[in-house]
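Working notes, structure below.
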Amino acid sequence: MQLSFYGAAREVTGSCHCVEVNGSRTLLDCGMQQGADNGFGQSFPFHPGEIDRVVVTHAHIDHTGRLPLLVKQGFKGSIYATEPTCQLLQIMLRDSAHIQELEAGWHARKQKRAGEDTLQPLYSMEDAERVFPMLVPCRYNETIDIGQGISIRFVDAGHLLGSAYVEMWLDEGGNKKKVVFSGDIGAPGHPMICDPGQLSEADIVVMESTYGDRSRSPSFDTVKELAKVIEETLSKGGNVICPSFAIGRTQDLLYYIREIKERRLVGSIPDFPVYLDSPLASAATKVYSGDLLPYLDEEAEALINAGIQPLSFDGLHFIETAEESKILNDDRTPKIIISSSGMCDAGRIRHHLKHNLWRQECAVVFTGFQALGTLGRTLVDGLTPSVSLFGEDIAIRCKIHNFRSMSSHADREALLGWIGAFDPLPETVFIVHGEHQVCKAFTARLVGEGFRAVAPKYSSIHDLLTGETIYEGRDILRRDEMEQPAQRESAVYQRLMLAGTRLIEVITRNRGGTNKDLAKFAEQINALAGKWNR
Ligand SMILES: [Zn+2]
């Protein structure tokens, strides 16, 4: 009975953990790496054909973005997720495939001109669509037998529509363990979705630590502050640009703007126009407006029952085509533009930033976490006078606001409260999904409070029955966290490193094998190492 960490280990994105029990392998999330390159790219250190099933905590791309790659490379099992997650995934993964194809096409043209071999997209639309028939929609709070001694239950995590903690019960020859995976833990008081639930029993907990170093101001009135920024900006003739995650933050923004308009909190232009410039966000908004009443909170339910659409108001325009999007840049009417991606590392938002960052009268409003290495993080940190966009140097003269209160992640106090509710204390708490320093500090805090807390390294392997670490894994720092940036490793070298990781994994799975087999295996590895040791 083993647990290994293949992503979000001492970093914020790319969630991917693996449970091995009764000879079967189950992945918990299969997320995409975002932001700075950690030198391992998006490849898996295992063969996807050896994975039996995947359980998904929620639809965000850093928890699901590599599912099409997994399928492309040979995965054939089932993918368990809540009903709303299954619906949102179909939009998310199609969009992700579209971006992969676009970017690969752009790189291919560049490489062709340079006379180099062209790279293929990470995965295609066809690969993404092959994921959908594998999805098994599940309900909250129902125990589901997923085979080979494993049962799971999804519990509302209050982070995103359909987001869940996963409780997992393992039984291997009568040896039983319960593992809880937190996924992303939500913050209370979010529009539309219910407040995060609480669990209290587990032998092992794997928990996130995104905001393990930050506290949120409880007195911040999001609606009032947002109205103030809109009033100040629009009355000067500027635009409010909102880089937003297409799923989650966008719908929160629409919910708040509807309230601002309803309460007429922007006196100078009460009927200001709002453009949702993200086909993905528009599609996701339709999911939120669909038949999902059982998943919404009481407030949203009351609005719907009163005939009010929580995400709809006068002056809301959905932008579909790139041409329509470009026209917005020439239109001088003060307006709000909501566009993705939320961390500004791709998508149409980059065009809007190019046309508005240099204008003093404009404002950019961030509403979510900005990972290291992304353009969003650069703008929030405010340490540089200009940024490069589409080969042009763009001065940063507009106001930059960071609405941390809108983040859907629990802050440090909420994280401590969440883990503190487990009684008795879990045997081990693995801390994942936090930037390197944050992860380390939060782990130390839990150790100080009496927990056996571990920040697992990338590809580390842990025995769940004995509690021992079978393989330490590697501490992989991202380029921007290294004191002396290393030279970029070639793709082929990365492949070799992954092959090495896989070899370690195969070795651990041979533990307990016959002396004869183990000796032969060791001999073969030594011969191979001897051959290449030069
Ligand atoms: Zn998330």
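The values are calculated or read from the model by the stated rules, or taken from the named source; none is laboratory data. What you see is a predicted model, and the numbers here were worked out from it, not measured in a lab. Every residue, glycine as well, gets a Cβ built from its backbone with ideal geometry; the counts of neighbours run over all protein chains shown. Protein only, heavy atoms only, side chains kept; ligands, DNA and RNA dropped before computing areas. Shrake-Rupley method; radii C 1.70, N 1.55, O 1.52, S 1.80 Å.
Collect the residues in the stretch 78-92 that are open to solvent by less than 50 Å² (accessible area, probe 1.4 Å) and over 15 Å from G347 (Cα atoms), keeping them in residue-number order.
S78, I79, Y80, A81, T82, P84, T85, C86, L88, L89, I91 - these are the residues of the stretch 78-92 that are open to solvent by less than 50 Å² (accessible area, probe 1.4 Å) and over 15 Å from G347 (Cα atoms).
Can you tell me which of (1) free of Cβ contacts under 8 Å to residues at least 60 places away in the same chain; (2) of a type in the set (S, T, Y); (3) farther than 20 Å from R258 by Cα; (4) open to solvent by 20 Å² or more (accessible area, probe 1.4 Å) is the one S289 doesn't meet?
(3)
Inside the stretch 503-525, can you point out the residues that are in a helix (DSSP H, G or I) and either modelled with pLDDT under 90 or aliphatic (A, V, I, L, M) (or both)?
L503, I504, E505, V506, I507, T508, R509, L518, A519, A522, I525
Output the residues belonging to the stretch 445-481 that are at pLDDT below 90 and β-branched (V, I, T).
The one that is at pLDDT below 90 and β-branched (V, I, T): I476.
Would you say S200 is in contact with a helix residue (DSSP H, G or I) (Cβ under 6 Å, 6 or more places away or on another chain), away from the ligand (no atom under 16 Å from the Cβ) and assigned to a loop (DSSP other than H, G, I, E, B)?
Working: in contact with a helix residue (DSSP H, G or I) (Cβ under 6 Å, 6 or more places away or on another chain): no; away from the ligand (no atom under 16 Å from the Cβ): yes; assigned to a loop (DSSP other than H, G, I, E, B): yes.
No; evaluated as a whole, the condition is false for this residue.
Among the strands (runs of 3 or more DSSP E) contained in the stretch 136-180, which hold 1 or more residues that are open to solvent by less than 70 Å² (accessible area, probe 1.4 Å) and within 16 Å of the ligand (Cβ to nearest atom)?
So the answer is 150-156, 164-172.
So which residues in the stretch 342-357 are outside any helix (DSSP H, G or I) and either at positive phi or buried (at least 24 other Cβ atoms within 10 Å of the Cβ) (or both)?
Listed by number, the residues that qualify are G342, M343, C344, G347.
What number of residues within the stretch 57-66 satisfy the criterion of being out of contact with any strand residue (DSSP E or B) (no Cβ under 6 Å at 6 or more places or on another chain) and open to solvent by less than 10 Å² (accessible area, probe 1.4 Å)?
Number satisfying all stated conditions: 6.
Considering each of G530, G500 in turn, give the residue that is at negative phi, modelled with pLDDT under 85 and out of contact with any Asp or Glu (no Cβ under 7 Å at 6 or more places or on another chain).
Testing whether each residue is at negative phi, modelled with pLDDT under 85 and out of contact with any Asp or Glu (no Cβ under 7 Å at 6 or more places or on another chain) leaves just G500.
From the list L311, L303, exactly one residue is open to solvent by less than 60 Å² (accessible area, probe 1.4 Å) and either part of a helix (DSSP H, G or I) or of a type in the set (F, W, Y) (or both). Which is it?
From the options L311, L303, the qualifying one is L303.
Going residue by residue through the stretch 163-173, is there one that turns out to be closer than 30 Å to P279 by Cα and either of a type in the set (A, V, I, L, M) or without any contact (Cβ under 8 Å) to a residue 40 or more places away in the chain (or both)? Let's see the steps before the verdict.
First, pick out the residues of the stretch 163-173 that are closer than 30 Å to P279 by Cα: 163-165.
If we keep only those that are either of a type in the set (A, V, I, L, M) or without any contact (Cβ under 8 Å) to a residue 40 or more places away in the chain (or both) as well, we get 164.
So far as the stretch 163-173 goes, yes, one or more of its residues are closer than 30 Å to P279 by Cα and either of a type in the set (A, V, I, L, M) or without any contact (Cβ under 8 Å) to a residue 40 or more places away in the chain (or both).
Hey, can you tell me all the residues within the stretch 51-94 that are closer than 18 Å to S182 by Cα, away from the ligand (no atom under 16 Å from the Cβ) and of a type in the set (A, V, I, L, M)?
V54, I79, listed by residue number.
Looking for whichever is of a type in the set (D, E, K, R), at pLDDT 90 or above, closer than 29 Å to Y295 by Cα and more than 24 Å from the chain's Cα centre (by Cα) here; the options are K228, K236, K224. Which one fits? Spell out how you get there, then give the answer.
Working: K228 fails: closer than 29 Å to Y295 by Cα; K236 fails: closer than 29 Å to Y295 by Cα.
Just one listed residue meets the conditions, K224.
Only one of these is among the aliphatic types (A, V, I, L, M) and in contact with a strand residue (DSSP E or B) (Cβ under 6 Å, 6 or more places away or on another chain): V131, V54. Name it.
V54
Determine if the stretch 249-258 includes at least one residue that is under 16 Å from P84 (Cα atoms) and part of a strand (DSSP E or B).
No, the stretch 249-258 contains no residue that is under 16 Å from P84 (Cα atoms) and part of a strand (DSSP E or B).
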